[in-house]
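Just below is one structure, and these are the notes that go with it.
The values are calculated or read from the model by the stated rules, or taken from the named source; none is laboratory data. What you see is a predicted model, and the numbers here were worked out from it, not measured in a lab. Here the Cβ positions follow ideal geometry from the backbone for every residue, glycine too, while neighbour counts run over all protein chains shown. In case anyone asks, the SASA skips ligands and DNA or RNA and just uses the protein heavy atoms, side chains included. Shrake-Rupley method; radii C 1.70, N 1.55, O 1.52, S 1.80 Å.
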Amino acid sequence: MSTQTKAEMRRRVRTARVQLPAETTAERGEAMAAALQRHIHPEAVVAGYVPMPGEPDVMPFLERHTARGGSVYLPIIPAAGRILGWAPWYPQTPMRRHHRMPISEPEHSCPLTPQELVARASTLTCPIPLVVLVPTLALDATGARLGQGGGYYDTTTAQLNVILPQHPQLTCELIAVVHSEELMTAGAFPVEPHDLRATRAVTECRIIDF
């Protein structure tokens, strides 16, 4: 299958997302927050993100996770390369628009490297101390992810896969975040060896275990 097939799938999902009413996105965000609160330990380190328009709204969960004592980090786009940094976030954190990409980042941030994020989570004793919420355009039945095409999450999670064996006591979950209609059958889009595979997915309906 060609790269164009991936591009067509991206266009299809993006078009559907911008047509989703804001009320629906908000309602789904509340339902998703409830599901994530039940699943993720209150003390866990959560690597989240600020959703772009049309993306599933994870902000209600991130706000509640900090309120119950958990830690939240948001991605920082590196000046070079594809490995994300991770800046601490609270609801009061000043945000800035990235100069090249349509995303928001914490201002005045001193981001952690993936190694430092893992080290921070490794001090916790909860069952799953590190959870990465992965922005996702589409997900197939095997957990293979279609992203925006920048390669940041593919590269960063590949780096995590190198680091995590050094911390055998630490469990890390990769939870893909999608609308329920963005769950696809296997083979619906091309999957390459470097593409991220999610441990679980969350929609407005439920959490799915792969």
query: At a 1.4 Å probe radius, carbon and sulfur cover how many percent of the accessible area of the chain?
result: 54 percent
- line: By the C-alpha gyration tensor axes a ≥ b ≥ c (rounded if a/c is under 1.5, else prolate when a/b exceeds b/c, else oblate), the shape of the stretch 59-126 is oblate
task: Determine the calculated [θ] at 222 nm for the chain from helices alone, applying -39500 (n - 2.57) to every DSSP H run no shorter than 4 residues and normalising by the residue count; nearest 500 deg cm²/dmol.
output: -9500 deg cm²/dmol
- prompt: Any idea what the dipole of the stretch 72-181 comes to, in debye rounded to 20, about its Cα centre with Lys/Arg Cβ at +1 and Asp/Glu Cβ at -1?
  reply: 240 debye
task: Set Lys and Arg Cβ to +1 and Asp and Glu Cβ to -1, take the dipole of the stretch 118-210 about its Cα centre, and tell me which of 146, 188, 132 lies farthest positive.
output: 132
task: Quick one: accessible surface of residue 184, probe radius 1.4 Å, all protein chains present, in square angstrom to the nearest 10.
output: 30 Å²
- request: Using only protein heavy atoms and a 1.4 Å probe, report how much of residue 103 is accessible, in Å² to the nearest 10.
  value: 40 Å²
- prompt: Which whole-number percent gives the relative contact order of the chain, counting Cα pairs below 8 Å spaced six or more residues apart?
  reply: 22 percent
query: Nearest 20 debye, what's the magnitude of the dipole of the chain about its Cα centre given +1 on Lys and Arg Cβ and -1 on Asp and Glu Cβ?
result: 280 debye
query: In the stretch 1-65, with Lys and Arg counted as +1 and Asp and Glu as -1 at Cβ, which of these residues, 36, 18, 60, has the Cα nearest the positive end of the dipole, that is, farthest along it?
result: 18
- prompt: With every protein chain left in place, what is the accessible area per residue of the stretch 1-75 in square angstrom, probe 1.4 Å?
  reply: 48 Å²
